[in-house]
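The values are calculated or read from the model by the stated rules, or taken from the named source; none is laboratory data. As the structure is a prediction and not an experimental result, all values here were calculated from the model. As a convention, Cβ positions derive from the backbone with ideal geometry for all residues, glycine included, and neighbour counts pool all protein chains shown. Heavy atoms of the whole protein, side chains included, go into the accessibility calculation; ligands, DNA and RNA do not. Shrake-Rupley method; radii C 1.70, N 1.55, O 1.52, S 1.80 Å.
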Protein chains: 2
Amino acid sequence: MSTKTKVTIHDIAEKLNITASTVSRALNDNPRISDATKKAVLKTAKQLNYQPNNIAAALRHGKSYIIGVIVPTADRYFFASVVRGIEEIANNLNYKVIICQSYDNYEKEVQTIEALLNARVDGIIASIGKNTENFDHFKKVQSKGIPLVLFDRTTDELEVSQVMIDDYLGAYKTVEHLIQQGCKRIAHFTSPKKVSVFKERLRGYTDALRDYDIPYDEQLVIKGDLQLEDGREGMKKLLKLKQMPDAVFSASDYAAMGAMQVLKERDIQIPQQVALAGFSNEPFTSFTDPPLTTVDQRSIKMGNITAELFFEHFKSGEKGIVSQKTVLKPELITRKSSLRK
Amino acid sequence: MSTKTKVTIHDIAEKLNITASTVSRALNDNPRISDATKKAVLKTAKQLNYQPNNIAAALRHGKSYIIGVIVPTADRYFFASVVRGIEEIANNLNYKVIICQSYDNYEKEVQTIEALLNARVDGIIASIGKNTENFDHFKKVQSKGIPLVLFDRTTDELEVSQVMIDDYLGAYKTVEHLIQQGCKRIAHFTSPKKVSVFKERLRGYTDALRDYDIPYDEQLVIKGDLQLEDGREGMKKLLKLKQMPDAVFSASDYAAMGAMQVLKERDIQIPQQVALAGFSNEPFTSFTDPPLTTVDQRSIKMGNITAELFFEHFKSGEKGIVSQKTVLKPELITRKSSLRK
DNA sequence: TATTAAAATGCAATCGGTTGCGCAAATTAT
DNA sequence: ATAATTTGCGCAACCGATTGCATTTTAATA
């Protein structure tokens with residue numbers, strides 16, 4: 001049953017004694033083709049088991065109807081959800097999405113961009129890898145006139161449209177919440193990387209402290225990779241201080257989880273002795289004991305908006321490429337890890 | 001700076017007063033081209049900011065160097081890891097992977113296959129959606145001579161190569177473990193779907209009971225979608241029985257988590273009163289309190305093997321398409337949720 | 001130096017659709 | 001009945017790279 005010779009529109013044309021052009025137009029429902037012919041073509045196509053070849057079409061009109069999405073990793077709920085949000089919009093517009101993971105690896109990110117460019121995707125949506133400090137590969141995308149939109153992990157070094165949440169606000173509200181719960185010595189886990197989200201969260205943290213007249217203590221700001229293990233290390237470090245913190249606001253749920261583990265191992269009461277808050281609203285945060293206070297990043301929404309913004313650019317074509325910055329409001333989700341009353 | 005006119009090999013050729021064929025061969029490092037020419041071509045290519053067009057190449061030689069991977073969802077650790085495993089192998093061989101999610105939706109799965117076929121991917125690796133009971137779309141792939149390999153969620157209704165873990169063994173060992181911990185009334189969460197993995201886990205469960213002379217009680221087998229909420233419902237149902245179970249073996253970590261929540265809400269001791277075990281070794285299982293006993297599915301390894309198997313088929317071409325079934329051994333990970341001593 | 005083999009490049013068809021333009025037949029308007 | 005449109009379809013170029021075969025150039029051999 002295996003079709004040895006690929007059937008093309010020419011085969012259909014031959015069988016019907018018409019030309020390939022007509023078949024092509026019929027298949028594309030071109031109004032200049034009669035209904036009778038269309039019907040006949042469709043029927044013959046089915047009969048011959050015709051499979052359209054997008055490659056050929058893409059070559060001809062320079063569009064592949066594919067957009068590339070680059071995320072650091074797809075196994076994090078946040079990124080997976082954004083992708084889902086993007087797909088919803090894209091699929092509606094008959095675009096396919098190809099998901100690529102950079103694994104936060106700079107070289108892989110560069111290679112991926114190159115591959116997408118070679119594959120002639122119609123555009124790229126990306127979230128920058130943690131270790132990326134040079135943005136030439138993104139500039140290349142732009143210089144080729146390929147629409148580019150960044151989300152969440154963005155940078156100001158590029159004149160590009162971007163969608164993110166207000167990390168500053170999310171952090172500010174979280175710290176404010178901790179303060180209102182009576183915490184006075186609040187530590188923060190952050191990243192030394194050049195990624196704006198972490199810088200913004202740090203800024204929200206310091207501003208909230210300042211606004212509530214709580215002195216900033218450098219010892220309480222721990223820099224690390226924000227993985228679980230980093231959270232564990234960070235917490236241990238904090239516990240060695242002369243004066244223990246009474247709260248930890250982590251820029252990552254995973255690091256917050258690491259802190260929680262250490263606290264529980266040492267029978268330190270959460271939140272009575274140390275209150276905890278993370279960031280991202282990973283699903284597991286509601287599974288922990290106590291459940292973890294965190295900040296929801298509106299991931300699906302972010303995906304939707306990113307895609308919509310992307311397609312706007314896309315339609316406007318060359319002109320009107322005024323890059324645009326959309327900032328979503330995050331939502332603080334308070335759970336037992338920080339609720340003291 | 002935006003390159004308005006796309007530069008092609010013809011532009012390079014013109015500039016060097018040679019033909020496009022030579023340029024093409026030079027770029028592909030064809031031995032029939034002199035080093036001098038190669039060097040010149042490479043230099044001019046860089047200078048002109050040439051970007052290869054894979055679409056054209058793909059059209060010409062019928063290969064896209066892209067393989068499509070279909071997973072129910074990419075945000076589950078297991079699937080994400082398998083994808084990672086596949087990518088490792090594929091990238092080494094200079095193949096790109098495009099990840100597609102079916103969201104366990106039959107129509108979307110069919111559409112995705114169609115899209116991949118149209119896109120002329122060189123092959124497809126897939127894990128079947130939960131609700132898929134008709135496999136014509138996969139048969140179509142095979143009938144077109146496109147290499148196909150399934151992993152984890154497979155089916156016997158297709159004569160196709162597949163890679164999976166020994167779900168039966170994983171379940172058997174888990175139940176055996178629970179029995180050895182002194183449990184005598186072990187419940188099981190499973191799915192009513194036609195997916196072999198769940199059927200195998202159920203079989204492992206029943207066989208273990210039988211081998212240890214524990215009567216099978218239908219009331220203890222709860223069928224559902226295995227999401228968190230289903231686990232909660234299932235546990236509530238179990239707690240209403242005249243005789244409460246003293247263990248629950250769930251075919252999914254999420255459902256096990258739901259059960260754990262309900263038990264904790266009612267102050268039922270885990271594992272003393274009810275021991276718990278899940279399946280998949282999702283990362284969060286080590287974050288719960290108590291940490292959840294579960295079965296690791298060797299996900300990265302599975303990805304590697306799946307990809308290797310795929311490329312074997314790929315190379316062997318039309319002939320030698322003897323479909324092959326690889327079964328990996330799962331690993332039981334015992335944690336506090338089931339350790340009674 | 002003439003001859004032959006080897007090396008380097010050119011020619012032109014090809015992959016499978018798409019599309020601007022043109023022409024003839026059918027339909028409508030005058 | 002004739003002119004003006006409209007409709008339906010064909011022709012042929014084109015998208016950009018690849019490749020079998022022919023041809024030219026260079027090197028080796030007689």
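The 3J(HN,Hα) values that the Karplus relation (6.51, -1.76, 1.60; θ = phi - 60°) gives for region A:182-194 are, in residue order, x, 6, 10, 10, 9, 8, 9, 9, 9, 10, x, 5, 7 Hz. Gly and Pro appear as x. Computed from the C-beta positions of residue B:159 and residue A:155 and an R0 of 51 Å, the FRET efficiency is 0.50 to the nearest 0.05. In this structure the amide hydrogen of residue B:70, modeled in the peptide plane, comes within under 5 Å of the amide hydrogens of B:100, B:125, B:126, B:127, none closer than 5 places in sequence on its chain. Heavy atoms of the protein chains alone define the surface here; on that basis region B:167-297 has 39 Å² accessible area per residue at 1.4 Å probe size. When you filter the trypsin sites (Lys or Arg not before Pro) in region B:138-189 for DSSP loop state and at most 13 other Cβ atoms inside 10 Å of their Cβ, you are left with B:184. Taken as Cα centroids, region A:234-294 and region B:148-195 sit 36 Å apart, rounded to the nearest whole angstrom.
When the solvent-accessible area of the protein assembly as shown is split by element, carbon and sulfur atoms take up 49 percent of it, the probe being 1.4 Å. Extension gain, residue A:56-residue A:194: 0.36 nm per intervening residue step, less the Cα-Cα distance, totals 45.5 nm. Can you tell me how chain A classifies by the Cα gyration tensor, rounded, prolate or oblate, using a/c under 1.5 as the rounded cut? Note, shape of chain A comes out prolate. Interface area, chains B and A: about 4400 Å² of buried accessible surface, summed, with a 1.4 Å probe and ligands, DNA and RNA left out.
With R₀ set to 25 Å, the beta-carbon distance separating residue B:240 from residue B:341 gives a calculated FRET efficiency near 0.30.
The calculated FRET efficiency for residue B:35 paired with residue B:14, based on their beta-carbon distance and R0 = 22 Å, is about 0.55. Charge dipole of the protein assembly as shown (Cα centre as origin; +1 on each Lys and Arg Cβ, -1 on each Asp and Glu Cβ, all else neutral): 1120 debye, rounded to the nearest 20. Each other copy holds its own label point for residue B:28; taking that point as 7 Å from Cα along Cα to Cβ, the gaps run 2.9 nm, nearest first.
Relative to the longest principal axis of the Cα atoms of chain A, the long axis of helix A:35-48 makes an angle of roughly 70 degrees. Rounded to the nearest 10 degrees, the inclination of helix A:106-118 to the longest alpha-carbon principal axis of chain A is 20 degrees.
A label point on residue A:229, set 7 Å along the Cα-to-Cβ line, lies at 3.8 nm from each of its counterparts in the other copies, closest listed first. Across the options A:180, A:119, A:170, the greatest Cα extent toward the positive end of the charge dipole of region A:118-182 (unit charges at beta carbon of Lys, Arg, Asp, Glu) belongs to A:119. Sorted shortest first, the separations between the residue B:242 label point and its copies elsewhere in the assembly read 6.8 nm; each point sits 7 Å from Cα along the Cα-to-Cβ line. Charged side chains reduced to their Cβ positions (Lys and Arg at +1, Asp and Glu at -1) give region B:167-297 a dipole of some 400 debye around its Cα centre. When you work out D = kT/(6 pi eta Rh) for region A:264-341 at 37 °C and 0.692 mPa s, using the Kirkwood radius from C-alpha pairs as Rh and the Stokes-Einstein form, the result is 217 µm²/s.
The Cα atoms of region A:191-323 give a gyration tensor whose axes a ≥ b ≥ c have a/c of 1.5 or more with a/b greater than b/c, which makes the shape prolate. For the protein assembly as shown, the gyration tensor built on C-alpha atoms gives an oblate shape. Its axis ratio a/c (a ≥ b ≥ c) is at least 1.5, and a/b is not larger than b/c. Phi angles of region B:120-132 translate, via the Karplus equation with coefficients 6.51, -1.76, 1.60 and θ = phi - 60°, into HN-Hα couplings of 6, 5, 7, x, 9, 10, 9, 10, 6, x, 4, 9, 7 Hz per residue; Gly and Pro are given as x. Helix B:253-265 and the longest principal axis of the Cα set of chain B meet at an angle near 40°. Residues whose amide H comes within less than 5 Å of that of residue A:275, counting only those at least five positions distant or on another chain, are A:247, A:248 (H built at 1.01 Å from N in the peptide plane).
The residue among A:17, A:31, A:51 whose Cα reaches farthest toward the positive pole of the charge dipole of region A:9-52, with charges on the beta-carbon of Lys, Arg, Asp and Glu, is A:31. Per-residue Karplus couplings for region B:200-213, computed as 6.51 cos²θ - 1.76 cosθ + 1.60 with θ equal to phi - 60°, are listed in order as 5, 5, 5, 5, x, 4, 5, 5, 5, 4, 4, 4, 10, 6 Hz, Gly and Pro entered as x.
Put simply, the amide H of residue A:252, placed in the peptide plane, has neighbours under 5 Å in A:279, leaving out anything fewer than 5 places away on its chain.
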